[in-house]
Amino acid sequence: MGNRGMEDLIPLINKLQDAFSTIGQSCNLDLPQIAVVGGQSAGKSSVLENFVGRDFLPRGSGIVTRRPLILQLVNNKAEYAEFLHCKGRKFVDFDEVRQEIEAETDRITGSNKGISPIPINLRVYSPHVLNLTLIDLPGMTKVAVGDQPPDIEHQIRDMLMQFVTRESCLILAVTPANTDLANSDALKLSKEVDPQGLRTIGVITKLDLMDEGTDARDIMENKLLPLRRGYIGVVNRSQKDIDGRKDIRAALAAERKFFLSHPSYRHMAERMGTPHLQKTLNQQLTNHIRDTLPGLRSKLQSQLLSLEKEVEEYKNFRPDDPTRKTKALLQMVQQFGVDFEKCIEGSGDQVDTAELSGGARINRIFHERFPFELVKIVFDEKELRREISHAIKNVHGVRTGLFTPDLAFEAIVKKQIIKLKEPCLKCIDLVIQELINTVRQCTNKLGSYPRLREETERIVTTYVREREGKTKDQVLLLIDIELSYINTNHEDFIGFANAQQRNIVNKKRAIPNQLGGLREGEAEKVIRKGWLTLNISIMKGGSKEYWFVLTAESLSWYKDEEEKEKKYMLPLDNLKLRDVEKGFMSTKHIFAIFNTEQRNVYKDLRQIELACDSQEDMDSWKASFLRAGVYPEKDQVESEEATPVDSFSMDPQLERQVETIRNLVDSYTGIVNKTIRDLMPKTIMHLMINNAKDFIHSELLAYLYSSGDQNSLMEESADQAQRRDEMLRMYHAIKEALSIIGDISTSTVSTPAPPPVNDSWIPENSPTPQHRPATSAPPPRTPP
């Protein structure tokens, strides 16, 4: 070929094919190759055997090639064959090659003549071949035979299309000379996928079997039924020659003699025969590879860029570096600490847009879930008044009290403060669960070292659990401190006089929904807006999505967020919340709003059900309703047989005392709740989260060193080691391929394609004259 670089092209493609097949990861590259297509018994396998000069392909009647055979021919001094699935084994006896192909075919497809698109890779080294890469494909058939599926024709066609539709694939269309060329399945398929004819090379076999007095001279000269790249004729061994084990070299000599002695072909004998076909294919494939080099290079470069990001992870894992395990351990622990801090404190890089995580979830617990739990536990008006009444009576004993007793106030307040313990401990448990989830999430990057990941997770989780006890002790201590001294001189405490004054005001004007503390104009302030689904029975309109607007006085819903078409406005007076179990097929989370005085809430409905897409949305809406003064229903069922009648048959003086203490308790518990709501996040952050961050940064490494042998700790998982090796091999293979392509592409010049020809004859279904007689006078005729 006159170019050293050109001779390297086909071995380069072979190397790439092997590299990507062996690595087991597709490089998503269409590597240049030649696909051999044709009908059954057209002589495809014989052409390939003639190239190699050996009998090595399965023989028989019907469909013999049932899996694609990728045949890589490599010019070499020694002669042997290798299969990709039998690494390291050299086949010197080509009968064993045939047996291995048959066995490997049966292993995938079974022995019932079925087919499979999974290729067999065979490489043949020989001094008698030129560098070529061919794919022997199953012959096209029309009728299912034996146990073959009835759609065998479509299966084979689909398999062929997988290969020939690629722009990088040359098509070797094999047609026997003793059939009608115009109806050639191979040429029809080629025309379909390569209408310009740039990739199709015609091969005419069985020229020696034509009817006496006919020949294919006009076809070979590309005058009749022309193809853009023309035709090459070959003469294969007959079945009798194959059965008699006729030597292929003798058959090639007989082929040469046939073309030199035949009057119609002797003038073009140099352009006929298997050796010329082999040279032509070598030249065409080499030119084709050169033409596809720019696209191949750009694909390789993009693949290299994507690989570089992954290979970057492995830069500290070179086997020849004795300190790599120490480096890796330090790097991993440091990265784990940075990731953990980013998850808790938040970070601008790699923001999760799918769901809340880490610090955001903990923040939601602090400011939505925890206040909700506080209000839900503390608020039960009926029970509270009963307890105040009992406390006043028990403090006075046998005497009838004239004044409101302080001890009753203290007893009730302390009881309310003790109730804070449960939601506080629950808040700590929720935060710990989120912390442990965050630790697990951050240890995902340590997956390369299962033992390191396991130990890191265990050490940090154990530390968090240790801090749990101290944090809970501290929180309980905070509540005990509140219990130890009831500070009635607090600046926010209303005092006895104001409590009595509030009684008078309350009698004159009932203040709905605890909004007495709202400043003027605050009632109209919008607390929350958003989409909710209003669940109504199908008879009354069915479930629909509306745009809801919650203020301190009302809940309104509109057709859409423009808020032009208002559907309804519901005042919040005497409303409460309750949870509703979601239906069997429903994925939404539902809560209900109802009137405590058993009045209709909306139309003739006693309650309305509102549905959210997630638990987080529902918790957030509930917290917003709390701000508006709509509280959850108490989780206990109130007994129908109520408490003794004397509990509520209070005289006016006792009633005033109960109301006064009720107002005092309400004021003081509000102060304590505010304090606890403020101190809880600070306590958890200081004693647990910040301590955990400090522990990871300063002590985790020491704990890891003391937990066991460093070598066993930094032992890679087998999958990770294999993946790393494969990734590095592919990375270096692509880099090497790019350097070779760079050398070749700069030193070669593209060859122009042959001029177009009129190949409109191919799709025609009517038989077209194919053979011409030895004398030019009579017109061509078609053999039977």
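The values are calculated or read from the model by the stated rules, or taken from the named source; none is laboratory data. Because the structure is predicted, anything quoted here is derived from the model rather than measured. Methodologically, a virtual Cβ is constructed for each residue, glycine included, from the backbone with ideal geometry; neighbour enumeration extends over all protein chains shown. Only protein heavy atoms, including side chains, enter the accessible area calculation; ligands, DNA and RNA are left aside. Shrake-Rupley method; radii C 1.70, N 1.55, O 1.52, S 1.80 Å.
Among LEU534, LEU605, ILE593, which residue has its Cα positioned farthest towards the positive end of the charge dipole of the stretch 526-632, with +1 placed on the Cβ of Lys and Arg, -1 on the Cβ of Asp and Glu, and the dipole taken about the Cα centre?
The residue sitting farthest along the positive end of the dipole is LEU605.
Using the structure shown, list the pairs from LYS309/LYS342; LYS299/LYS325; LYS87/LYS327; LYS529/LYS588; LYS415/LYS472 with a Cα-Cα distance above 24 Å, or answer none.
LYS299/LYS325; LYS87/LYS327
Compute the signed sum of charges (Lys and Arg +1, Asp and Glu -1) over the other residues within less than 14 Å, Cβ to Cβ, of PRO371.
Around PRO371, the charge tally is +4.
Name the long-range amide H neighbours of THR65: under 5 Å, sequence gap of 5 or more, or other chain; modelled H, no Pro or chain starts.
Excluding prolines and chain starts, which carry no amide H, the hits are GLY139.
Step through the table entries LYS90/LYS279; LYS393/LYS426; LYS421/LYS582; LYS206/LYS240; LYS44/LYS206; LYS90/LYS246, compare each Cα-Cα distance with 23 Å, and write down the pairs that go over it.
The pairs that break the limit, which is 23 Å between Cα atoms, are LYS90/LYS279; LYS393/LYS426; LYS421/LYS582; LYS90/LYS246.
I need two numbers for the stretch 43-272: Rg to one decimal and Dmax as a whole number, Cα atoms only, in Å.
So, for the stretch 43-272, Rg and Dmax equal 17.9, 53 Å respectively.
Near the amide H of ASN131, under 5 Å away, which other amide H atoms are found, from residues 5 or more places off or on another chain, if H is placed in the peptide plane?
ASN75
Only bridges whose two residues both fall in the stretch 43-272 count here: according to DSSP, what percent of them are antiparallel, nearest 5?
Numbers: 10 of 26 bridges.
Taking every DSSP beta bridge within the stretch 43-272, about 40 percent pair in antiparallel fashion.
Carbon and sulfur atoms: what percent of the 1.4 Å accessible area of the stretch 135-189 do they account for?
The value for the stretch 135-189 is 51 percent carbon and sulfur by accessible area.
Among 460-469, 276-285, 43-52, 260-269, how do they line up by average Cβ neighbours within 10 Å per residue, starting with the highest? Provide the component values of the computation, followed by the final result.
Numbers: 460-469: 16.4, 276-285: 19.2, 43-52: 24.1, 260-269: 14.5.
Ranking, from highest mean packing down: 43-52, 276-285, 460-469, 260-269.
For the stretch 183-222, what percent of Cα pairs sit more than 11 Å apart? Display every interim value, and only then the final one.
On the way: 555 of 780 pairs.
Of the Cα pairs, 71 percent sit more than 11 Å apart.
Pulled fully out, how much extra length does the chain show between MET161 and LEU356, if you take 0.36 nm times their separation in residues and subtract their Cα-Cα distance?
Result for the pair: 65.5 nm of gain on full extension.
With both partners inside the stretch 526-632, how many of the DSSP beta bridges are antiparallel, as a percent to the nearest 5? All intermediate terms of the calculation are to be shown ahead of the outcome.
Details: 33 of 35 bridges.
The antiparallel fraction comes to roughly 95 percent.
Taking every pair of alpha-carbon atoms in the stretch 526-632, give the share separated by more than 23 Å as a whole percent. Please report the intermediate quantities before stating the final value.
Values: 1143 of 5671 pairs.
Distances greater than 23 Å cover 20 percent of the Cα pairs.
Counting only heavy atoms of protein chains, what accessible area per residue, in Å², does the stretch 50-180 have with a probe of 1.4 Å?
42
Quick one: net charge of GLN474's neighbours, Cβ under 14 Å, K/R +1, D/E -1?
0
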